[in-house]
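A quick write-up on the structure given underneath.
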């Protein structure tokens, strides 16, 4: 058992480091692109929503809230898209060697996780620059990010498995993410949504996660979290229940089908 | 009954079916269409009740013609496929080489590729650190290890992959047609490695087409045909069955071309003589072989088709001679590698249809010695070549 463990760790490690080494192969800025991408997206959104459509004008620390949302969303989007295509992309490998198939999905997820770590450093630096002071509540980001990771990986497992049989999955998911971006209240604070409509947003685990993260980083009234909603009480369980259900479904579905990946791809 | 601890791999009545949908459901649209339509899937039984045991220290050969299921069996042993039915028990660590250099990435350096490939084969970083120098040494690529793999020549890539494969020691090793790649020098290296394995009592499973290798190295061999085991036994016995199987395929093939069962007895005899006119079945590479053909005269025989085959089944050459006189004498130059060959003669009528039986001539042997004026070459036959610049 110990042998198996160290073997899998070695594979994971090599896969992640390979991914890092070849990702920005041949580009001048190299790895900086992983930081630049969310930052540039942030810059565009910031200009639009502060000067052109001034949604964020009156919101305290709007740039920080926006940047954090963009970074977390990028992470979610990267884990799920890369994860969805990961099994098919490694088809050649899986037909020739018997490594635990879940390592392929995990490797892409961990690469994204390392990216997130780097992006968060930028977020913290930006927060200080924006006049926020480090505080204990920042530590709450840790469980929140773990929750996001679990949710994203659960989805990645389901999509990766389905994608082996139906290659449409990756394309559908791209469109789905486009919609999800707006449904996840990233560019606008959820406080702008009428109170009776907020419940519907909070059914989406990503909204619960991003709002909790925002509240942890910028603990002001405007950052509404699921915990501040009064009615109905049962709602608070929904995002967590969804994450548990999706993670378990992902694990079971993947495990059942993974035996046949080599012949199905 | 043999002791359980002596068994490296026990294969118990495995079946492997592949379901081949007439239309592969690669998209939702097709899937939807196919649900409505009746489900016309066909099941292909690739392996149909295969059982055998490989003992520790055995050099176990798996042979079979194309499509016999040996690659599927290998992938099942390697754990890439899951059997539809039955079980495979593996006692000890197993490293399969279905292909050399699995996971090699052209954008990574030679060094990184060694570690990546090693990890995929089941070795952690510590183990790889220990093996690394030996691998590089053996590949003779010290000064290239920091270069990207895409800048390697294909020969260098094979060398690197092969070095990892042979330094990656494990209790059970599985090789698939490794000898099929690489030049002569590389093949000789493989042979050396196999010899070491045999001497050390390393458990090896080898899938191959090459009966020479089977005879030389294997302690036991298994022959598969259409998903079933034809025979498990000594390599000699299995190699013989393999040759017969190939031969009978050739014969069946030729018979199929015979016109509606119309057969005539050719009454053909085939003899070989050397250039001095003595009967012989042993020649040197480059010698002239005189084939003496005698047969019943018939107006039906427009031509005789003379073929030369290698015993392992390869068709070396075939030509046609006029066939009405009842006898013929042909001189062919044996530009052939060492090995066993035979001839096959068939009469055809004016419409090029086969008439009469196919007659197999006696075997003849080519020895390693070369006739005067013959340069060496590798491979089946020497092709003419001209150096334009060098």
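The values are calculated or read from the model by the stated rules, or taken from the named source; none is laboratory data. Values in this document were obtained by computation on a predicted structure and should not be read as measured data. All Cβ positions, even for glycine, are placed from backbone atoms using ideal geometry, and neighbour counts span all protein chains on display.
Among the candidates A:116, A:141, A:128, A:120, which residue alone is free of Cβ contacts under 8 Å to residues at least 24 places away in the same chain and either away from chain B (no Cβ under 14 Å) or part of a helix (DSSP H, G or I) (or both)? Let's see the steps before the verdict.
Details: A:116 fails: free of Cβ contacts under 8 Å to residues at least 24 places away in the same chain; A:141 fails: free of Cβ contacts under 8 Å to residues at least 24 places away in the same chain; A:120 fails: free of Cβ contacts under 8 Å to residues at least 24 places away in the same chain.
The conditions single out A:128.
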Practice item. Restrict the check to the range B:43-55 and report whether at least one residue is surrounded by fewer than 18 Cβ atoms within 10 Å (Cβ to Cβ), more than 25 Å from the chain's Cα centre (by Cα) and either at pLDDT 90 or above or not assigned by TED's automatic domain parsing to the domain that holds residue B:172 (or both). Key: no
Check your understanding: Do we have residue B:132 as at the interface with chain A (Cβ under 9 Å from one of its Cβ atoms) and either over 30 Å from residue B:5 (Cβ atoms) or in contact with a strand residue (DSSP E or B) (Cβ under 6 Å, 6 or more places away or on another chain) (or both) here?
Key -> no
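Okay, residues lined up against (1) within 30 Å of residue A:172 (Cβ to Cβ); (2) within 18 Å of the chain's Cα centre (by Cα); (3) away from every other protein chain (no Cβ under 14 Å):
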| residue | (1), (2), (3) |
| --- | --- |
| A:24 | yes, no, no |
| A:55 | yes, no, yes |
| A:58 | no, no, yes |
| A:72 | yes, yes, yes |
| A:81 | yes, yes, yes |
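Output the residue which, of all residues in the range A:59-102 that are out of contact with any strand residue (DSSP E or B) (no Cβ under 9 Å at 6 or more places or on another chain) and not in a helix (DSSP H, G or I), is surrounded by the fewest Cβ atoms within 10 Å (Cβ to Cβ). Before you say what the answer is, go through the steps one by one.
Going residue by residue through the range A:59-102, those that are out of contact with any strand residue (DSSP E or B) (no Cβ under 9 Å at 6 or more places or on another chain) are A:59-95, A:99-102.
Next, only the ones that are not in a helix (DSSP H, G or I) stay: A:59-61, A:90, A:95, A:99-101.
Values: A:59: 21, A:60: 16, A:61: 21, A:90: 22, A:95: 17, A:99: 24, A:100: 13, A:101: 21.
Top of the filtered list is A:100.
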Check your understanding: What pairs come up if the first residue lies in the range A:29-46 and is part of a helix (DSSP H, G or I), the second is surrounded by fewer than 17 Cβ atoms within 10 Å (Cβ to Cβ), and their beta carbons are under 7 Å apart, counting only those six or more places apart or on different chains?
Key -> A:33/A:24; A:33/A:27; A:34/A:118; A:35/A:118; A:35/A:122; A:36/A:29; A:39/A:122
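Which of the residues spanning the range A:165-194 are assigned to a helix (DSSP H, G or I) and under 17 Å from residue A:59 (Cβ atoms)? Let's see the steps before the verdict.
Residues of the range A:165-194 that are assigned to a helix (DSSP H, G or I), as a first pass: A:165, A:168-183, A:190-192.
Selection gives A:190, A:191, A:192.
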Exercise for review: For residues that are in contact with a helix residue (DSSP H, G or I) (Cβ under 7 Å, 6 or more places away or on another chain), farther than 15 Å from residue A:191 by Cβ and part of a loop (DSSP other than H, G, I, E, B), tally how many sit in the range A:218-265.
Suggested key: 1
Check your understanding: What do you reckon, is residue B:25 closer than 29 Å to residue B:171 by Cα and at pLDDT below 90?
Key -> no
Review point. Got at least one residue in the range B:99-115 being surrounded by fewer than 17 Cβ atoms within 10 Å (Cβ to Cβ), more than 26 Å from residue A:104 (Cβ to Cβ) and either more than 30 Å from the chain's Cα centre (by Cα) or within 10 Å of chain A (Cβ to nearest Cβ) (or both)?
Key: no
**Study point:** Positions within the range B:62-75 being in contact (Cβ under 8 Å) with a residue 24 or more places away in the chain and facing chain A (nearest Cβ under 10 Å), in sequence order
**Key:** B:72
Practice item. Test residue A:45 against the criterion of being more than 10 Å from chain B (Cβ to nearest Cβ), under 24 Å from the mean Cα position of the chain (by Cα) and surrounded by fewer than 18 Cβ atoms within 10 Å (Cβ to Cβ), and give yes or no. Key: no
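Go through A:175, A:122 for me and flag whichever is farther than 30 Å from residue B:76 by Cα, surrounded by fewer than 18 Cβ atoms within 10 Å (Cβ to Cβ) and modelled with pLDDT under 95.
Working: A:175 fails: modelled with pLDDT under 95.
On inspection, the qualifying residue turns out to be A:122.
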Check your understanding: Hey, residue B:187 hits all of (1) assigned to a helix (DSSP H, G or I); (2) touching a helix residue (DSSP H, G or I) at 6+ places or on another chain (Cβ under 6 Å); (3) buried (at least 20 other Cβ atoms within 10 Å of the Cβ) but one; which does it fall short on?
Key -> (3)
Check your understanding: Restricted to the range B:268-288, and to residues that are surrounded by 18 or more Cβ atoms within 10 Å (Cβ to Cβ) and not in a strand (DSSP E or B), which residue is nearest to the chain's Cα centre (by Cα)?
Key -> B:286
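Yes or no, residue by residue, for (1) away from chain B (no Cβ under 14 Å); (2) surrounded by 14 or more Cβ atoms within 10 Å (Cβ to Cβ); (3) touching a strand residue (DSSP E or B) at 6+ places or on another chain (Cβ under 8 Å):
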| residue | (1), (2), (3) |
| --- | --- |
| A:189 | yes, yes, no |
| A:194 | yes, no, no |
| A:222 | yes, yes, no |
| A:232 | yes, no, no |
| A:235 | yes, yes, no |
| A:241 | yes, no, no |
| A:258 | no, yes, no |
| A:261 | no, yes, no |
Revision key, fill the gap. Checking B:80, B:90 in turn, the sole residue that is within 27 Å of the chain's Cα centre (by Cα), under 23 Å from residue B:7 (Cα atoms) and more than 10 Å from chain A (Cβ to nearest Cβ) turns out to be B:90
